[in-house]
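Everything below concerns the one structure shown next.
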Amino acid sequence: MKLLLDESVPKRLAAAFPASFTLCTVQEMGWSGTGNGLLLSLAAGEGFDALITVDRGIEHQQNLEALPIPVIVMLAARNRLTELQPLVPAAVDLLSRDLQRHFYRVPG
């Protein structure tokens, strides 16, 4: 599974995911500063299966009907690596399901 880490997610979080996942960051893709709508379209065009973000407002900024890939919102108190790492197993479990083009929350 190919995942894109949003620029607000610490890039070191990628190491917490199993080796069976391919993770890239927005920065690695050269998409820093790209708005969420265009970012999601670019990600879908590059074959990403989902976007991982901590941006709680993304659900209110994007039209669910036009969502090109699933979005996983990790709900930690802060976007620090130490607070996000414990959420990875729940995110991996969620990603093992047949996801639709929706917003999914991983509570902290």
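The values are calculated or read from the model by the stated rules, or taken from the named source; none is laboratory data. A quick note: this is a predicted structure, and the numbers were derived from the prediction, not measured. Using ideal geometry, Cβ is built from the backbone for each residue, glycine included, and neighbour counts are taken over all protein chains shown. Remember, those area values only see protein heavy atoms, side chains included, never the ligands or the DNA or RNA. Shrake-Rupley method; radii C 1.70, N 1.55, O 1.52, S 1.80 Å.
Some observations on this one:
- Database remark: amide H of Thr22 closer than 5 angstrom to the amide H of Lys2, Leu3 (H placed geometrically; neighbours at sequence offset of 5 or more, or on other chains; Pro and chain starts carry no H).
- If only the Cβ of Lys and Arg carry +1 and only the Cβ of Asp and Glu carry -1, the dipole of the chain around its Cα centre is close to 260 debye.
- Calculated from backbone phi, Karplus (6.51, -1.76, 1.60) coupling profile of the stretch 78-89 in Hz, x at Gly/Pro: 9, 8, 8, 3, 5, 8, 8, 3, x, 8, 4, x
- Across the accessible surface of the chain, with the other protein chains kept in place and a 1.4 Å probe, carbon and sulfur atoms take up 48 percent.
- Whole-Hz couplings from phi, Karplus 6.51/-1.76/1.60, listed for the stretch 95-108; x for Gly and Pro: 5, 7, 8, 7, 7, 9, 7, 9, 9, 10, 10, 10, x, x
- Low-density loop cleavage sites - GluC sites (Glu not before Pro) in the stretch 24-97, where at most 16 other Cβ are within 10 Å (DSSP): Glu28, Glu46
- Each Cα pair under 8 Å and six or more residues apart adds its sequence gap; the mean of these over the residue count of the chain is a relative contact order of 29 percent.
- Size of the chain as Cα extents on the principal axes (Å, biggest first): 31, 27, 25
- Accessible area per residue, Å², the chain with all protein chains present, probe 1.4 Å: 53
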